[in-house]
Structures are given as C-alpha cells and as structure tokens.
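Below is one structure; the comments refer to it alone.
Bear in mind these aren't lab numbers, they're just calculated from the coordinates by the rules spelled out. Small disclaimer: the values here were computed from a predicted structure and weren't measured. Ideal geometry is used to build each Cβ from the backbone, glycine not excepted, and the neighbour counts take in all protein chains shown.
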Amino acid sequence: MAIDEVILLSSTLGVLFTTLVLFGVLVAVCIPSCTAQFSTSDYENIQVALNLEYLEAEYFLWAAYGYGLDKLAPHLPEGGPEPIGVQKANLNILANDIIAQFGLQEIGHLTILQKELGSYYFPRVQLNLSAANWANIIDEAFGEKLHPPFNPYTNTLNFLISAYAIPYVGLTGYVGTIPLLQRVGAKSLVAGLLGVEAGQDAIIRAALYQYKDDLVPPYKFTVAQFTDFISSLRNGLSHAFVDEGLEVPKAQGADGLVTGNILSADTNSLSFARTAEEVLETVYFTGNAAIPGGFFPEGASGTIAKGYLNP
Ligand SMILES: *[C@@H]1O[C@H](CO)[C@@H](O)[C@H](O)[C@H]1NC(C)=O
C-alpha cells in the first residue's frame, strides 16, 4: 500500500468515525424527545379542545340521563367544580337515545385525553349550562328578547337547536388545530376526535334540516332562522366567517347553486377552521378571549386559554 493510499484510507476512516460519533450524539439527544408522540405545543393546542370536550360531555350526558360525569365517570373531572344549571332535557325516545350516545362518546374522548395528555390534562372547568344562560345567548343571536325565554331543556326541538351550537365549534377548532400539530400521536388523536365531532354536528343538522321551514313554537321564527341567527352571532364573536346556518344565500351554498345548507363549509365545501382564540371568544360569548363568560364563567383552562386570560 503506497503511503498516499494509507493517508487516504485513514482520513476516510476518520470521517466515518466522526460521522458515527455525531449520529450517536444525535440519537442520544433525540431519544425520547424526537420519538415522542406529542410535542409541548401539541399538548397545549389539544388542551383548548379539552375544555369543549368537558362542555359536551356534561351537556349531553345530563340531557339524556339526568346526571353527568360525576356519576358515570367520576375519575374524569378530577375534582373540578360541578356544572351550573345543567339538567335532564325533555327529549323524545329517539333524541334521548342519540344524545346519550353523544355523551358517552365524550366520555371516550375525555378518557383518551386524560391518558395521552398526562400532566397536561386538567380538571373539569366551571361550566354554566343554565337555561338562563341559553336564553341570553339566543336573545343575543336574535337581537331581541324572546318571550318566553328560550329554554333548551323543554323539548326535543329546542334541545337540538341548542346542540347545533356545540359540536360545530369543536369541529372548526379541530380543523384549525391539525395544521399546527407536530407529532404523529397528536395528529392521529385529533383526526379521530375531529371525525366524531363532525359526525355529531352532521346528525344534529340533519335532524333539524327536516324541520327547517317549521316555526319553533311559540316563537315567530323558523328552525332555519334559529340556526342562521346563531351562526351569524358566532361569526361576529369569532371576528371571522366560519359558520353557516341551514339556509344560505345561493352563492354560499354547495358549488354556489343551492340555498339548502345541510353542512357548513366554504366555497370548495371544505370545513371552516377556527383558531384557538376564535374558539375561546366564541364559547365565552364575549368576542374576546381575555374576557370569560357564556358557558365558561371563569374562563377555559390550559396554557393557551390562560395566556389570553392573564397576559
Ligand atoms: C349562569 O348564567 C346565568 C345567565 O347568564 C347567570 O344569571 C347566572 O348567574 C350564572 N351562574 C353562575 C353561578 O355564574
């Protein structure tokens, strides 16, 4: 072997050795953080949704069963305060069956969130689901005081109208969250949550759609008008166009050709997205993520929500 060949070989080995050492260092630094299923920001983004999952769980379980997480899954609220004003709704047999399933689905969602979020999971937040709170929201949507005050617990139609206001915000929030997620565990979890949330919203909308031209007794407004006014209110609170009722101007309908609007979606029939801030300002019904109210009288929990409440 000539001397220059020896030098070449030894420098090649040197490069190989250095590469191996660097790779080893990278692997050591990377494990476990690079293989983790969630990044810190993934946890924080998913925390926003946890607030809504608590809201849905309590609202649906109570409506169908007359009791909620404290009885059906007492390990999930982790000592968070009991919801205010929530009650059994006077539902027909089919609606009670469907809403019970929705509530139990939310127990599944909370169970996987408790497992996957670990120390980022937080106890149930204070919820206000009183009929009076709902009446305020509906009055605000119509810009006038309804007589008698709207009460979601009175009958199936009223409850479905109120339910129209709930999974949809979660759906748009999940659509907004997915592009921000970094790790595969977070993406697959939120994709799974989104699918069921979208399904719940579609079922509620389809149930209401059959009655869209009927008046909601004893008021002079139709079912479609209730949904349109609720969606307009929420667009205003979100400072964005992300919400459509059951009837829209033709230009907003599917392919710009129809006024019937069984699903809320953009010009290309893609789901609208809400940012975390837009979700919070909507469910607070204050239009401001720094001012709690509505369903969350003390605000939502988690890093992002608390960041807006205590900047
Ligand atoms: C719940 O909301 C209603 C209507 O906004 C309000 O009158 C009531 O005081 C709230 N309850 C609590 C304990 O915050």
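One residue stands out among those in region 86-132 that are more than 17 Å from residue 52 (Cα to Cα) and within 16 Å of the ligand (Cβ to nearest atom): the one that is surrounded by the most Cβ atoms within 10 Å (Cβ to Cβ), which is 131. Out of all the residues in region 230-238, is one or more under 18 Å from the mean Cα position of the chain (by Cα), touching a residue at least 12 places away in the same chain (Cβ under 8 Å) and within 16 Å of the ligand (Cβ to nearest atom)? Yes: one or more hits. The sole residue among 161, 204 that is out of contact with any strand residue (DSSP E or B) (no Cβ under 6 Å at 6 or more places or on another chain) and under 30 Å from residue 117 (Cα atoms) is 204. Of the residues making up region 218-229, those that are assigned to a loop (DSSP other than H, G, I, E, B) and touching a residue at least 12 places away in the same chain (Cβ under 8 Å) are 218, 219, 221. Candidates in region 57-85 are the residues that are of a type in the set (Asp, Glu) and in a helix (DSSP H, G or I); of these, the one that is surrounded by the fewest Cβ atoms within 10 Å (Cβ to Cβ) is 70.
Conditions (1) free of Cβ contacts under 8 Å to residues at least 40 places away in the same chain; (2) buried (at least 24 other Cβ atoms within 10 Å of the Cβ); (3) in contact with a Ser or Thr (Cβ under 8 Å, 6 or more places away or on another chain); (4) of a type in the set (Gly, Ala, Ser), marked per residue:
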residue	(1), (2), (3), (4)
270	yes, no, no, no
277	yes, no, no, no
280	no, yes, no, no
283	no, yes, no, no
295	no, yes, no, no
299	no, no, no, yes
305	no, yes, no, yes
308	yes, no, no, no
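On the stretch given as region 240-257, residues that are outside any helix (DSSP H, G or I) and touching a helix residue (DSSP H, G or I) at 6+ places or on another chain (Cβ under 7 Å) total 9. All conditions but one from (1) more than 16 Å from the ligand (Cβ to nearest atom); (2) within 25 Å of residue 49 (Cβ to Cβ) apply to residue 140; the one that does not is (1).
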